[in-house]
Structures are given as C-alpha cells and as structure tokens.
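Colleague: After the structure tokens below, expect a handful of questions from me.
The values are calculated or read from the model by the stated rules, or taken from the named source; none is laboratory data. The structure displayed is predicted, hence computed values, not measured ones. Because the Cβ atoms are built from the backbone with ideal geometry, glycine has one as well, and the counts that use them run over all protein chains shown.
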Amino acid sequence: MKRNVLASLLLLAVAAPVTALADEALVKFKGGIGVTPVSSAPGPATTAASVNRNIVRGVQPPGQLWVISDLAAVVTSDGEISVSGKGLLLAGGNGIGTNAGAKVYATLICEAAAPFTERSTDLGGVALEANGDFRIEDQLTPAPADCASPVLLIRNAANQAWFAAGIVKR
C-alpha cells in the first residue's frame, strides 16, 4: 500500500511541472521553413526586370536563400519563448553552406492583417554556431495577450530580415 502511494506521489511530482508548462503554452512551433527571398517574377522573360519580394507580415527577406534543418519553439502566455534551431545556413551565393557570421533573434506576429505588432526577443540576437544551430531563451516584448494567427520569424540581428519561419504545431 505504501509503495502505491509513494509511486503515485512521485508520478504527480514529475508530471505536474510538465502539465503546468503545457497549460501555459500560448503557441508551439515544430519544424521550420527557410527563406526564398523572391516570391514571384512577372512574365516569361529570361531575366525579370522586377520581382516580388517575399515579405511576411511587413518583414523583409534577406538577399539570399537560407535553409533550416529543424526548429522547435514554445511561447508561453506570459511571453516567455524558447527556440531551438538546427542548420540555419546560406543556401546560395559564394558563402553557401555557412552561417555568414550571423546573429539571430525571434519575432512572433499574431495578427493576420495589418497593423502588425512585432513581439521580439533581444534584437542583439544570438550567434549561429558554425553548423547553423542556435538556441534562444528570452522574453517577447511586448508579451502577447493571445495569438489568433501566429507567425514565428527567425531574423538577422544585423538588418532585421527574416531567415526562417516556424511551422505552427496544432
């Protein structure tokens, strides 16, 4: 009998913090999409005189393709954010396969239509490791009250362009 009670108490002690964190989660992301800076070009011309940049909720893309191998993020109801990214690297140009010495930060945008509020981590960013891995543990400013249409962007601290986007986990 004592064994069952002790086992039950131990299970509660271990499960309670996990349940509390899950309850606090406002939005989760699993998987990532690297940026393609150009979303379209007009007509069948061999070289397009103009292009449509891949602007996401008012945020400009960089000038070059980037890829990301994996991304996982959790944003809590009080604005705490934890992001783990793997393999965020240049996918074109002379620096292909490198991290270009970039520092990144995260921005959550919850509005589907303008005006957009950018809720960001420290704009100074965290340095990408040589293999493109990174970890962000921070507080979004301002903290989101709710998030009806979440978009998570991983951005360049140098010019604020977006490199990658998270895939919402439903």
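Colleague: Could you tell me which residue of the range 63-81 is modelled with the lowest pLDDT, considering only residues that are under 23 Å from Thr141 (Cβ atoms) and out of contact with any Lys or Arg (no Cβ under 8 Å at 6 or more places or on another chain)?
Modeller: Only one residue tops the list, namely Ser77.
Colleague: Assigned to a loop (DSSP other than H, G, I, E, B), modelled with pLDDT under 95 and either farther than 16 Å from Ala127 by Cα or touching a His at 6+ places or on another chain (Cβ under 9 Å) (or both): is that true of Gly95 in this structure?
Modeller: no
Colleague: Let me confirm something: among Ala72, Ala130, which residue is in contact (Cβ under 8 Å) with a residue 40 or more places away in the chain and either surrounded by fewer than 20 Cβ atoms within 10 Å (Cβ to Cβ) or on the phi < 0 side of the Ramachandran plot (or both)?
Modeller: None of the other options fit; the residue is Ala72.
Colleague: Taking Val104 and the conditions (1) touching a residue at least 40 places away in the same chain (Cβ under 8 Å); (2) under 13 Å from the mean Cα position of the chain (by Cα); (3) within 22 Å of Ser149 (Cα to Cα); (4) surrounded by 15 or more Cβ atoms within 10 Å (Cβ to Cβ), which numbered condition does it fall short on, given that it satisfies the others?
Modeller: Only one criterion is unmet by Val104, namely (3).
Colleague: Mind checking which pairs have a first residue in the range 20-32 that is within 18 Å of Leu140 (Cβ to Cβ) and a second that is among the hydroxyl-bearing types (Ser, Thr, Tyr) and at pLDDT below 95, Cβ under 6 Å, 6 or more apart or different chains?
Modeller: Pairs that qualify, where the first residue is within 18 Å of Leu140 (Cβ to Cβ) and the partner is among the hydroxyl-bearing types (Ser, Thr, Tyr) and at pLDDT below 95, are Glu24/Ser77; Leu26/Ser77.
Colleague: Do we have any residue at all in the range 14-25 that's part of a strand (DSSP E or B) and modelled with pLDDT of 60 or more?
Modeller: Residues of the range 14-25 part of a strand (DSSP E or B): 25.
Restricting the remaining residues to those that are modelled with pLDDT of 60 or more gives 25.
Within the range 14-25, one or more residues are part of a strand (DSSP E or B) and modelled with pLDDT of 60 or more.
Colleague: For the structure I just gave you, tell me whether Leu123 is assigned to a strand (DSSP E or B) and either within 14 Å of Leu152 (Cβ to Cβ) or of a type in the set (A, V, I, L, M, F, W, C) (or both).
Modeller: No.
Colleague: Okay, moving on. Going through the range 75-101 one residue at a time, which ones are buried (at least 17 other Cβ atoms within 10 Å of the Cβ) and of a type in the set (Val, Ile, Thr)?
Modeller: Val75, Thr76, Ile81, Val83
Colleague: Please indicate, with yes or no, whether at least one residue in the range 58-66 is surrounded by 20 or more Cβ atoms within 10 Å (Cβ to Cβ) and more than 26 Å from Lys169 (Cβ to Cβ).
Modeller: Taking every residue of the range 58-66 in turn, none turns out to be surrounded by 20 or more Cβ atoms within 10 Å (Cβ to Cβ) and more than 26 Å from Lys169 (Cβ to Cβ).
Colleague: What do you reckon, is Ala113 hydrophobic (A, V, I, L, M, F, W, C), modelled with pLDDT under 95, exposed (fewer than 13 other Cβ atoms within 10 Å of the Cβ) and over 20 Å from Lys86 (Cα atoms)?
Modeller: In short, no.
Colleague: Residues to consider are Ala148, Ala143, Ala158; find the one that is over 20 Å from Val75 (Cβ atoms), small (Gly, Ala, Ser) and in a loop (DSSP other than H, G, I, E, B).
Modeller: Ala158
Colleague: Sticking with this one: Report, by residue number, each residue of the range 86-141 that is over 19 Å from Ser69 (Cα atoms) and of a type in the set (D, E, K, R).
Modeller: Scanning the range 86-141 gives Glu111, Glu118, Arg119, Asp122, Glu137, Asp138.
Colleague: Return only the number of the condition from (1) at pLDDT 95 or above; (2) buried (at least 18 other Cβ atoms within 10 Å of the Cβ) that Pro37 does not satisfy.
Modeller: That leaves (1) as the condition not met.
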